[in-house]
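Visitor: Take this structure first; my questions come after.
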Amino acid sequence: MNSHFLEIDELVRSDHWYLEPEDECYYIGEYTARGGHACSETNQLIHNFKKSLERRGRPEWNYKERAISRIANLIRANIRNDAVLTFVPIPPSKSKDHPLYDDRMSRVLNFASSGRPSDVRELIVQVRSVEATHLSNERPSPDDLLQNYLLDEALCMPEPQLIFLVDDVLTTGCHFKAAKRLLSTRFPNVRIVGLFVARRVPNSDFDALD
Amino acid sequence: MNSLDSILSNKPISPLREMAAYEALWAHQNATFKTIADCFRENPGVMPSELVTEPEIDETLERVLDKIKLANIYDYGIRIHGSEDYPNRLRSAAHPVEFLYYRGCWDLIEAPKRIAVVGSREPTEDGKRRARKIVKMLVADGYTIVSGLARGIDTVAHTTAIECGGNTVAVIGTPITEHYPPENRDLQEKIARDFLLISQVPIWRYSQQSFKYNRLFFPERNATMSALSQATIIIEASNTSGTLTQARAALHQGRKLFILDSCFRNPELTWPERFEKQGAIRVVDYDDIRANLE
């Protein structure tokens, strides 16, 4: 049986405190790792997917490649063949000119939409590299993040019919809110949906580090 | 907001509504784990919310949330068949559950080595001693100890695992909103906070019927406990013990079943030989367990 997407509804929304009822968001699994252990399939998937580029070339790198194709397949299986939509990755913490820039999510989305009418556009450009939010001490607000985002005007036409903003782990919802704000200013009539590989549950390692 | 029907190939799951729908299925007078499992067998791929009406979901939701709030529980989660985090091992059960509640560290569900240690609610001193000894060795070998939080052997299994610095999972026969037996309240809360607590028991239905009917939930959870584990060890059990439900379930699910030699040596017990003929393993010393698990 194919895994269905899950909806961020009233049962779980308060775990992601920037999200509001009008934010339409879906997720595939729950990130629940605690105390450095990561046994469950979703926890392992996220760990492998986020492996730093510094580990490229090591045997463990294979796990990352496998995580990329697994996530792509999970998304692809849930999107109809004929669906017309635009996938937009939420930018990773390193900007494109950084040696550790990781295009893992763009690869997932390209794979998920290959041979289909959906497209992938890196509409949001991060100006400066930042420390991954889960490694830094300060908690930026969506407004802070927004100052570091630029819209790639060259990719804006034709206007998307529906946008899926995609990220690996939903924590507070801060990045999603900033990205959604940027896109909805440029495309006020386009429906913007959040899609996350996992949402972190409170008290997981993502909280300790966030 | 329009639905994404023309975009998504599977209808997205609303955890809250599926929770209410599962509870609503159980609110039907004659519902049992078997009738509910049959219903899903006949309608493969269907979600609980597709088997009950919208007003039923709304009504049940309100009732269930009230019960949860009254119990002061804010840290629970759910798992539902059809989503990525549902443990497929549960499908080995004769009447697999479509839905369950959990509290604590879900990650333990996939601990690489999981073994259920179960037995009598009124164990002998020797039984308790044997349970402690085996759990200590299992923890030292890296096993997560799964049990049912009942009086007696289950309690010894959980507490010993925790005392030895190991991990434990409790699959309870009451809803997450109840504490049973009452003397295990602190243990249940500790497991819910630091380890993993699982319940398949519907909150609303349980609140509406007497203990006479609710006690039927106890043996039902043993099938789930067995399905979640790679093997079950029976420390001690009478001829009429609920523990034997788990023995039958383990063999039916193709899980290893270990029975302590002391059970075979008790002349009053008829079940050890019976299960041995069906494939259970007699445990004379700890190596009999280790050798059969690796």
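Here is a yes/no grid of residues against (1) of a type in the set (Ser, Thr, Tyr); (2) closer than 19 Å to residue A:163 by Cα; (3) under 16 Å from the mean Cα position of the chain (by Cα):
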residue: A:24; (1), (2), (3): no, yes, yes
residue: A:30; (1), (2), (3): no, no, yes
residue: A:44; (1), (2), (3): no, no, no
residue: A:50; (1), (2), (3): no, no, yes
residue: A:68; (1), (2), (3): no, no, yes
residue: A:87; (1), (2), (3): no, yes, yes
residue: A:114; (1), (2), (3): yes, yes, no
residue: A:120; (1), (2), (3): no, yes, yes
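Visitor: Give the residues of the range B:11-42 that are within 30 Å of residue A:117 (Cβ to Cβ) and without any contact (Cβ under 8 Å) to a residue 40 or more places away in the chain, sorted by residue number.
Guide: The first filter runs over the range B:11-42 and keeps only residues within 30 Å of residue A:117 (Cβ to Cβ), leaving B:11-14.
Passing the criteria: B:11, B:12, B:14.
Visitor: Sticking with this one: Among the candidates B:239, B:222, single out the residue that is polar (S, T, N, Q), in a loop (DSSP other than H, G, I, E, B) and touching a helix residue (DSSP H, G or I) at 6+ places or on another chain (Cβ under 7 Å). Steps first, please.
Guide: Working: B:222 fails: in a loop (DSSP other than H, G, I, E, B).
Matching residue, one of B:239, B:222: B:239.
Visitor: Could you look through the range B:248-272, keep only residues that are surrounded by fewer than 22 Cβ atoms within 10 Å (Cβ to Cβ) and among the small types (Gly, Ala, Ser), and pick out the one that is nearest to residue B:119 (Cα to Cα)?
Guide: Among those residues, the one meeting the criterion is B:262.
Visitor: Here is a follow-up. Can you find a residue in the range B:165-174 that is surrounded by fewer than 24 Cβ atoms within 10 Å (Cβ to Cβ), more than 20 Å from residue B:101 (Cβ to Cβ) and either free of Cβ contacts under 8 Å to residues at least 12 places away in the same chain or more than 12 Å from the chain's Cα centre (by Cα) (or both)?
Guide: Yes, there is a match, as at least one residue in the range B:165-174 is surrounded by fewer than 24 Cβ atoms within 10 Å (Cβ to Cβ), more than 20 Å from residue B:101 (Cβ to Cβ) and either free of Cβ contacts under 8 Å to residues at least 12 places away in the same chain or more than 12 Å from the chain's Cα centre (by Cα) (or both).
Visitor: For residue A:11, state whether it is over 19 Å from the mean Cα position of the chain (by Cα), within 24 Å of residue A:174 (Cβ to Cβ), surrounded by 20 or more Cβ atoms within 10 Å (Cβ to Cβ) and within 12 Å of chain B (Cβ to nearest Cβ).
Guide: On the way: over 19 Å from the mean Cα position of the chain (by Cα): yes; within 24 Å of residue A:174 (Cβ to Cβ): yes; surrounded by 20 or more Cβ atoms within 10 Å (Cβ to Cβ): yes; within 12 Å of chain B (Cβ to nearest Cβ): yes.
Answer is yes for this residue.
Visitor: How many residues are touching a helix residue (DSSP H, G or I) at 6+ places or on another chain (Cβ under 6 Å), in a helix (DSSP H, G or I) and closer than 11 Å to residue A:104 by Cα if we restrict to the range A:49-66?
Guide: Qualifying residue count for the region: 2.
Visitor: Also: If you scan the range B:277-294, which residues turn out to be under 11 Å from residue B:256 (Cα atoms) and part of a helix (DSSP H, G or I)?
Guide: Result: B:289, B:292, B:293.
Visitor: Same structure again: Filter the range A:1-37 down to the residues that are free of Cβ contacts under 8 Å to residues at least 40 places away in the same chain and in a loop (DSSP other than H, G, I, E, B), then identify the one that is farthest from residue B:76 (Cα to Cα).
Guide: My answer is A:1.
Visitor: Residues in the range B:128-145: is at least one assigned to a helix (DSSP H, G or I) and under 17 Å from the mean Cα position of the chain (by Cα)?
Guide: Of the range B:128-145, the ones assigned to a helix (DSSP H, G or I) are B:128-140.
In the following step, the residues that additionally are under 17 Å from the mean Cα position of the chain (by Cα) were identified as none.
Within the range B:128-145 (the criterion being assigned to a helix (DSSP H, G or I) and under 17 Å from the mean Cα position of the chain (by Cα)), the answer is no, since none of the residues qualifies.
Visitor: State all residues of the range A:193-210 that are modelled with pLDDT of 95 or more and either out of contact with any Ser or Thr (no Cβ under 6 Å at 6 or more places or on another chain) or aromatic (Phe, Trp, Tyr) (or both); if no residue qualifies, say none.
Guide: A:193, A:194, A:195, A:196, A:197, A:199
Visitor: From the list A:82, A:97, which residue is within 14 Å of chain B (Cβ to nearest Cβ) and not in a helix (DSSP H, G or I)? Quick ask: steps written out before the conclusion?
Guide: Numbers: A:97 fails: within 14 Å of chain B (Cβ to nearest Cβ).
Answer to the selection: A:82.
Visitor: What about residue B:249, is it in a loop (DSSP other than H, G, I, E, B) and closer than 25 Å to residue B:198 by Cβ? Quick ask: steps written out before the conclusion?
Guide: Values: in a loop (DSSP other than H, G, I, E, B): no; closer than 25 Å to residue B:198 by Cβ: yes.
When the stated conditions are applied, residue B:249 does not pass them.
Visitor: Which is farther than 21 Å from residue B:151 by Cα and within 24 Å of the chain's Cα centre (by Cα), of B:246, B:278? Working first, answer last.
Guide: Values: B:246 fails: farther than 21 Å from residue B:151 by Cα.
Exactly one of B:246, B:278 is farther than 21 Å from residue B:151 by Cα and within 24 Å of the chain's Cα centre (by Cα), namely B:278.
Visitor: Suppose we filter the range B:66-87 for residues that are within 20 Å of the chain's Cα centre (by Cα) and either touching a residue at least 40 places away in the same chain (Cβ under 8 Å) or over 18 Å from residue A:78 (Cβ atoms) (or both); how many remain? Quick ask: steps written out before the conclusion?
Guide: Going through the range B:66-87, the residues within 20 Å of the chain's Cα centre (by Cα) turn out to be B:68, B:73, B:75-87.
Subsequent filtering for residues that are either touching a residue at least 40 places away in the same chain (Cβ under 8 Å) or over 18 Å from residue A:78 (Cβ atoms) (or both) retains B:68, B:73, B:75-83, B:87.
Residues in the range B:66-87 being within 20 Å of the chain's Cα centre (by Cα) and either touching a residue at least 40 places away in the same chain (Cβ under 8 Å) or over 18 Å from residue A:78 (Cβ atoms) (or both): 12 in total.
Visitor: If we keep just the residues of the range A:29-60 that are more than 9 Å from chain B (Cβ to nearest Cβ) and buried (at least 21 other Cβ atoms within 10 Å of the Cβ), which is farthest from residue B:110 (Cα to Cα)? Let's see the steps before the verdict.
Guide: Taking the range A:29-60 first, the residues more than 9 Å from chain B (Cβ to nearest Cβ) are A:31, A:36, A:46-60.
Still in the running and buried (at least 21 other Cβ atoms within 10 Å of the Cβ): A:31, A:46, A:49.
Working: A:31: 13, A:46: 15, A:49: 19 Å.
Across the range A:29-60, the extreme among qualifying residues is A:49.
Visitor: Additional query: Quick check on this structure: which one of B:14, B:6 is in contact with an Asp or Glu (Cβ under 9 Å, 6 or more places away or on another chain) and modelled with pLDDT under 95? Spell out the reasoning first.
Guide: On the way: B:14 fails: modelled with pLDDT under 95.
Result: B:6 is the single residue among B:14, B:6 that is in contact with an Asp or Glu (Cβ under 9 Å, 6 or more places away or on another chain) and modelled with pLDDT under 95.
Visitor: Of A:63, A:26, A:18, which residue is aromatic (Phe, Trp, Tyr) and either within 11 Å of another protein chain (Cβ to nearest Cβ) or buried (at least 22 other Cβ atoms within 10 Å of the Cβ) (or both)?
Guide: A:26
The values are calculated or read from the model by the stated rules, or taken from the named source; none is laboratory data. As the structure is a prediction and not an experimental result, all values here were calculated from the model. Quick reminder, even Gly has a Cβ in these numbers, built from the backbone with ideal geometry, and neighbours come from all protein chains shown.
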